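Q: Questions regarding the structure given below will be posed in turn.
Bear in mind that the values in this text are calculations on the coordinates, not laboratory data. Since we're looking at a predicted model, the values are computed, not measured. Ideal geometry is used to build each Cβ from the backbone, glycine not excepted, and the neighbour counts take in all protein chains shown.
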Amino acid sequence: MADTIWESYRPELERLYIHEGRKLSEVREYMRTKYGFDERKSQYEKYFKRWGLRKNHSLTSAEGKFIGRRIDKRKREHQKESEVNVDGVQYPPSKLKKSRYNKNKTFVSTVDNLPNAPSPSTPQGIVVCTPATPGMRLIWNQSLPWFQFAKLLKPGQDPNLSSLPSALAVTSPQSPDLDKLGKGEGRRTALQHAMNNGNMDLINLLLDHGANVNSAPSEEGGATALQIAAIQGYLGIARKLIDLDADINAAPAQFKGRTALEGAAEHGRIDMLRLLLDEGASLVGNYGERQYRRAVELAEKNGHMAAAKLLKSFKDKVEESGI
């Protein structure tokens, strides 16, 4: 479960630490204040190492030598410019010019000068490639294995997979048309599929490209994106959905459904309950009363007394305020 929670925050952590260049202490403070995600420095270092998130990376002698030879060979034999990526992040050209391979750049061995000379093995995480042309749009060959594979995923073979080809298509090189994803009576949307499968990269991709966060759940056992996040404990994604105006009090599926509050209570997710309650989960009125009673009942039934106690404390506050 801990790994799943960390994975739900991975895109946000990568954005803050790598792309925005924030210090680890700043990332920790941001995550604590915005998401209530208060973890030790050692935990951050553990997961960053596992994900290969490194910055201010100093090239080793072997790495610098490899990069220098590869850049020189590409320019000498193919007249190509090069950019260097380390662990998926472009290495700053300014640092590259100062790196240690430049100190002895004038030396090129006789073997390296030979046509089709064998290249040394590539150090892990190092990629030397041609810079992308600004505004370049690739035309993909439809005979590529990806497209052939996608054709095999026929809708209708399994009612629970009816939107899977569309969901997978979003991760392909094609530009997705999100307005066409997940259409049809009783079908789950691409976003709901991704949420059920815990595919954080796909979830964030869909959200960043305008997926409807309030698509209704399928009639039996379905759930909205936020309801799934509440049930699974994806706190970071839940916060993102709420920021995108997901309906906290959306009605559950007609059969075997749960509201977001009920789902969080049933699984004893204290942090999720706090988030939903703070953001306006209804506890009053006909709908709110029913949701509240059901949430307490589910929490107690499954032995989550702390969750039940939290719900009761919020209910008391609501009644005292006269809302």
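Q: If r is the Cβ-Cβ distance from Glu14 to Asp271 and R0 is 22 Å, what FRET efficiency results, to the nearest 0.05? Let's see the in-between values first.
A: Numbers: r = 22 Å, r/R0 = 0.98.
FRET efficiency, Glu14 to Asp271: 0.55.
Q: What is the spin-label model distance, in nm, from Asp38 to Thr122 if the labels are put 7 Å beyond Cα along the C-beta direction?
A: 4.4 nm
Q: Which shape class applies to the range 214-296: rounded if a/c is under 1.5, otherwise prolate when a/b exceeds b/c and oblate if not, where a ≥ b ≥ c are the square roots of the Cα gyration tensor eigenvalues?
A: rounded
Q: Once you place label points 7 Å from the Cα toward the Cβ at Asn214 and Leu244, how far apart are they in nm?
A: Here the modelled spin labels are 1.4 nm apart.
Q: Using 0.36 nm times the number of residues separating Asn85 and Glu300, minus their current alpha carbon distance, what extension gain do you get?
A: This chain segment gains 72.2 nm when fully extended.
Q: Given labels modelled 7 Å from the Cα in the Cβ direction, how far is it in nm from Ser58 to Arg74?
A: 2.5 nm
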